[in-house]
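Notes follow the structure.
The values are calculated or read from the model by the stated rules, or taken from the named source; none is laboratory data. These numbers come from a predicted model, not from an experiment. When we count neighbours, we look across all protein chains shown, and the Cβ atoms used for this are built from the backbone with ideal geometry, even at glycine.
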Amino acid sequence: MNSTLKSGVGAKLRHGAMTLAALSAFTLGGAAQAEVSQPTYDKSDIVLVTTVINATNPYMASWIEGSKALGEKLGLPVEIVQSNGSSQTQIAGIQALAAKGKKIVLVTNPLAASDVPAIANTVKQNGGYMVVWWNMPPNMEPSQVGDHFVAFGTYNGVTAGECGAKALVEKMGGKGGIIALPGVLDSTVSQERVAGLKNVIKDYPEITLLDEQPANWDQAIALKTTQQLVAKYGDQIDGVWTADDGMMLGAYEAIKKAGMIDEVKFSGEGAYPPVVDLMVNQPDGDVVAGSSFHRGYKAAATGLLIAYKAAVGELDVAKLSEEQRHGQYAIDCVTPSNAATFQENGGIDPTWLDRLVEDPFMDLVGGPVAAPQG
Amino acid sequence: MTTLTGTGGATTKRGAATKWRGGLAEVVILLGLVAVFSILNPTHFPTLTNLATILNTASIPVILGVGASAVVLTGRIDLSVEGVMGAAGMTFVLLSANSRETADIGWLAWPAALAVGAALGALTGAIHVLAKVPSFIVSLGIWYVGLGIAAVLFGYEMIPFLTNESAVAWPTATLAGIPNSFLLALCVAALGVLIERMTRLGRAAYAIGNNEAVARMTGIPVSTFVVILFAFAGACSGLAGVVGSLALGAGAANVGVGMLFLTLAAIVIGGTPLGGGRGGTLRTVTGVLILSTLYNGLILAGVDPSIQSGVSGLVLVAAVVAAGWSQRERLRVFK
């Protein structure tokens, strides 16, 4: 954990230097937009597009909020494409907007990695620009696809998994049994977070990982699965580690209903507002150990802004660094000791968006996330 | 009547004789599963606590199954359960004491949610009979209408948590070792049985499923009854949405995720053919218990999660084959 944090800080410093260089390039080239290497457009020819899997997941809701906030800042409307869990619906939605004639500036959290080539083609034919978060085929690199695929961003799942796990085992006093609820087994994000959990418990010989049952990123399924695990392990369960906070809320309810809330600690990922609230107000005691903080708000606004700046020529795609084309962004660890700070303004500093507009790569902390080991 | 057999075929002597034997097959499968899992995990599976866990898991699919099998009896199908659960569940949460403080109309939130479910069900039924569109496709559409309503109600705000702790604790609280949610499900099942056996509506459902043309000729108001049965199924889905929301302690548009597969599989495993005309509520309850036991047992037996879904799929196919073996010559295409 510490080493990751340090390397994160190192990357931030390195990145700071890069940003300065990039900023000076912006100020010099700011007015003379034609000097960038990629085709650029007038603001009025642009439509901002954001895609979400559904609008009812808190992460997605925050994603939409971030897209809209940036749209307001730039004075441009935002079109929302909802995929409702279907790759086809998602691609068709983007194609329909492309067909309307305006140039697309897209930020997408694609349903599956395999959707990215089709989306990239649509954007290329339209002449627009896009930034992709979270999912991309392993052999793909934005710099090799072309200028229209401006950047790929992600968060380090291993760091996120470690953050919750570390807080959890410490709150458990370094011993006891843990049940883990990953998202879905073949999800890279879930695998990274589980790898983070396993990294941490390696150092705690008295911690046992009782069971791992994927709960499909879903609150209702996590509730049901935890009920079965309670039937199986009962008092052996001292901690519940989940790959995201939605599932943590389901597991929390199941443990509470089993009358075990006093004996079990929890950790999650994503620092959903209700989870932060559990840490601050502690209605059932000090039981939520930690969660890692990042917001759909920040991801969506950052991605949309990078694509927008490429489209209007405020940013020269050819001059972006490798890390800017494909990098990881900052994650914070939230624990009961600092949760109150994150609760204010939903964890997003009111000046954040203004600072972002000055430097869209503000939160970049490093290059691609390495594949999980074991 | 026997001279008029079209697609349906009147109940033959052989059919009547196999009716009860078929019912026994499902119970044998259930007992078999219980025996196998008790051997695989003797310390945790065969306990009263785990029984309560299984019954609690079974309660939502039982409630859904009662409504869905009433529709299937007529040879129709209702695929909208997940969407209707979402719409009714969100209605219930937003009309109950919740963290968004939208409204709190007390116990009236229950009938309100049921009404939303019944209305969506009636809409499915009405479009199906008036426009003569297959119920399969209409209910598929209504699924997404329900999901859409739920999504609109959810909006972009924070998750609405139910603030009435005793209401939230109610489904899992037990009475004589049986969770309240399952007792409620049993009441719904009893209502289903009552409708099937004691009312004209129920008897007509069998007649419609058996041979709709004949049913019409004998003066049964087929269209009206079909709409009523869809409304009943919708109300059941609505109730399931309420129980699901109480279990979560929060509103979620996808409260019904994964329930359609479970419900339809339970109906078929229980031995109600999708062609209609036979079977009914009690069989579906057995089907749900088989699937809930399987789900619980696989986790308790420590089957690797990667192969759990494969195993449960195989057991499902095996159960359907075993349950339907005696009727294999009589299976029909569903409408």
Residue satisfying all of: in the range B:241-268; within 11 Å of chain A (Cβ to nearest Cβ) and within 21 Å of B:Thr286 (Cα to Cα); modelled with the lowest pLDDT among these:
B:Gly258
Based on this model, can you work out whether A:Val169 counts as touching a helix residue (DSSP H, G or I) at 6+ places or on another chain (Cβ under 7 Å) and either in the same structural domain as A:Val123 (by TED's automatic domain parsing) or assigned to a helix (DSSP H, G or I) (or both)?
yes
B:Gly302 versus (1) part of a helix (DSSP H, G or I); (2) more than 20 Å from B:Phe232 (Cα to Cα): which is the lone unmet condition?
(1)
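Determine whether the range A:252-264 contains at least one residue that is aromatic (Phe, Trp, Tyr) and either more than 27 Å from B:Gly256 (Cα to Cα) or away from every other protein chain (no Cβ under 14 Å) (or both). Reasoning before the result, please.
Step one: filter the range A:252-264 for residues aromatic (Phe, Trp, Tyr), giving A:252.
Okay, now just the ones that are also either more than 27 Å from B:Gly256 (Cα to Cα) or away from every other protein chain (no Cβ under 14 Å) (or both), so none.
Taking every residue of the range A:252-264 in turn, none turns out to be aromatic (Phe, Trp, Tyr) and either more than 27 Å from B:Gly256 (Cα to Cα) or away from every other protein chain (no Cβ under 14 Å) (or both).
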Residue in the range B:224-234 that is part of a loop (DSSP other than H, G, I, E, B), of a type outside the set (A, V, I, L, M, F, W, C) and surrounded by fewer than 24 Cβ atoms within 10 Å (Cβ to Cβ) present:
no
Look through B:Thr224, B:Thr218, B:Thr174 and report the one residue that is out of contact with any Gly (no Cβ under 9 Å at 6 or more places or on another chain) and modelled with pLDDT of 95 or more.
B:Thr224
Looking at B:Val81 and the list (1) touching a Phe, Trp or Tyr at 6+ places or on another chain (Cβ under 7 Å); (2) within 14 Å of chain A (Cβ to nearest Cβ), which single condition is not satisfied?
(1)
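Tally the residues that are within 11 Å of another protein chain (Cβ to nearest Cβ) and crowded, with 24+ Cβ neighbours inside 10 Å, restricting the search to the range A:233-248. If you could, list the steps in order and put the result at the bottom.
As a first pass, look at the range A:233-248 and keep what is within 11 Å of another protein chain (Cβ to nearest Cβ): A:233-234, A:236, A:245-246.
Narrowing the set further to residues that are crowded, with 24+ Cβ neighbours inside 10 Å leaves A:245-246.
Looking only at that region, the number is 2.
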Selection count, the range B:154-174, where residues are assigned to a loop (DSSP other than H, G, I, E, B) and more than 18 Å from A:Pro274 (Cβ to Cβ):
4
Can you find a residue that is away from chain A (no Cβ under 14 Å), in contact with a helix residue (DSSP H, G or I) (Cβ under 9 Å, 6 or more places away or on another chain) and not in a helix (DSSP H, G or I) anywhere in the range B:310-318?
no
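Of all residues in the range A:59-95, which are in a helix (DSSP H, G or I) and among the hydrophobic types (A, V, I, L, M, F, W, C)?
Residues of the range A:59-95 in a helix (DSSP H, G or I): A:59-74, A:87-95.
Within the range A:59-95, A:Met60, A:Ala61, A:Trp63, A:Ile64, A:Ala69, A:Leu70, A:Leu74, A:Ile91, A:Ala92, A:Ile94 meet the criteria.
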Filtered residues of the range B:192-201 (kept if crowded, with 16+ Cβ neighbours inside 10 Å, within 18 Å of the chain's Cα centre (by Cα) and not β-branched (Val, Ile, Thr)):
B:Gly192, B:Glu196
So which of B:Phe161, B:Phe182, B:Phe136 ends up being of a type in the set (Phe, Trp, Tyr) and either closer than 27 Å to B:Thr102 by Cα or within 11 Å of chain A (Cβ to nearest Cβ) (or both)?
B:Phe161
Within the range B:155-174, can you find the residues that are buried (at least 22 other Cβ atoms within 10 Å of the Cβ) and either touching a Pro at 6+ places or on another chain (Cβ under 8 Å) or among the charged types (D, E, K, R) (or both)?
B:Ile159, B:Pro171, B:Thr172
Identify the residue in the range A:107-123 that is at pLDDT 85 or above and of a type in the set (Gly, Ala, Ser) and, among all such residues, is surrounded by the most Cβ atoms within 10 Å (Cβ to Cβ).
A:Ala120
Does the range A:98-106 contain any residue that is modelled with pLDDT of 90 or more, within 20 Å of A:Tyr59 (Cα to Cα) and crowded, with 22+ Cβ neighbours inside 10 Å?
yes
Check on A:Met260, surrounded by fewer than 21 Cβ atoms within 10 Å (Cβ to Cβ), among the hydrophobic types (A, V, I, L, M, F, W, C) and not assigned by TED's automatic domain parsing to the domain that holds A:Leu353
yes
Pairs needed: first member in the range B:256-268, in contact (Cβ under 8 Å) with a residue 12 or more places away in the chain; second member anywhere, surrounded by fewer than 22 Cβ atoms within 10 Å (Cβ to Cβ); C-beta distance under 6 Å; at least 6 residues apart or different chains.
B:Ala265/B:Leu316; B:Val268/B:Val320
The residue from B:Leu183, B:Leu153 that alone is touching a residue at least 40 places away in the same chain (Cβ under 8 Å) and of a type outside the set (Lys, Arg) is B:Leu153
Test: residue in the range B:124-134 that is within 24 Å of the chain's Cα centre (by Cα), on the phi < 0 side of the Ramachandran plot, free of Cβ contacts under 8 Å to residues at least 40 places away in the same chain and surrounded by fewer than 24 Cβ atoms within 10 Å (Cβ to Cβ)
yes
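For A:Leu70, are the conditions met, namely being closer than 30 Å to A:Leu249 by Cβ and modelled with pLDDT of 95 or more? Talk me through it step by step, then tell me what you get.
Values: closer than 30 Å to A:Leu249 by Cβ: yes; modelled with pLDDT of 95 or more: yes.
In short, yes.
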Just to be sure I understand the filter: pairs with C-beta atoms under 9 Å, separated by 6 or more residues or on different chains, first member in the range B:89-105 and farther than 22 Å from B:Trp143 by Cβ and in contact (Cβ under 8 Å) with a residue 24 or more places away in the chain, second member assigned to a helix (DSSP H, G or I) and small (Gly, Ala, Ser). Which pairs pass?
B:Ser96/B:Gly106; B:Ser96/B:Ala109; B:Ser96/B:Ala167; B:Ser96/B:Ser245; B:Ala97/B:Gly106; B:Ala97/B:Ala167
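From the list A:Asn139, A:Asn135, A:Asn121, which one is more than 14 Å from every other protein chain (Cβ to nearest Cβ), without any contact (Cβ under 8 Å) to a residue 24 or more places away in the chain and in a loop (DSSP other than H, G, I, E, B)?
Values: A:Asn135 fails: without any contact (Cβ under 8 Å) to a residue 24 or more places away in the chain; A:Asn121 fails: in a loop (DSSP other than H, G, I, E, B).
One residue alone meets the criteria, A:Asn139.
Please determine whether any residue of the range A:346-357 is closer than 30 Å to A:Asp262 by Cβ and touching a residue at least 60 places away in the same chain (Cβ under 8 Å). Break it down into steps so the answer makes sense when it comes.
Pass one, the range A:346-357, residues closer than 30 Å to A:Asp262 by Cβ: A:346-347.
Narrowing the set further to residues that are touching a residue at least 60 places away in the same chain (Cβ under 8 Å) leaves A:346-347.
Yes, because at least one residue in the range A:346-357 is closer than 30 Å to A:Asp262 by Cβ and touching a residue at least 60 places away in the same chain (Cβ under 8 Å).
Quick check on this structure: which one of A:Gln219, A:Gln228 is assigned by TED's automatic domain parsing to the domain that holds A:Val288, under 30 Å from B:Ala58 (Cβ atoms), surrounded by 19 or more Cβ atoms within 10 Å (Cβ to Cβ) and more than 22 Å from the chain's Cα centre (by Cα)? I'd like the intermediate steps shown before the answer.
On the way: A:Gln219 fails: more than 22 Å from the chain's Cα centre (by Cα).
Residue meeting the stated conditions: A:Gln228.
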Would you please list the contacts, defined by Cβ atoms under 7 Å and residues six or more apart or on different chains, that run from a residue in the range B:56-74 that is over 27 Å from B:Gly177 (Cβ atoms) to a residue that is assigned to a loop (DSSP other than H, G, I, E, B) and modelled with pLDDT of 95 or more?
B:Ala68/B:Asp78; B:Val71/B:Ile77; B:Val71/B:Asp78
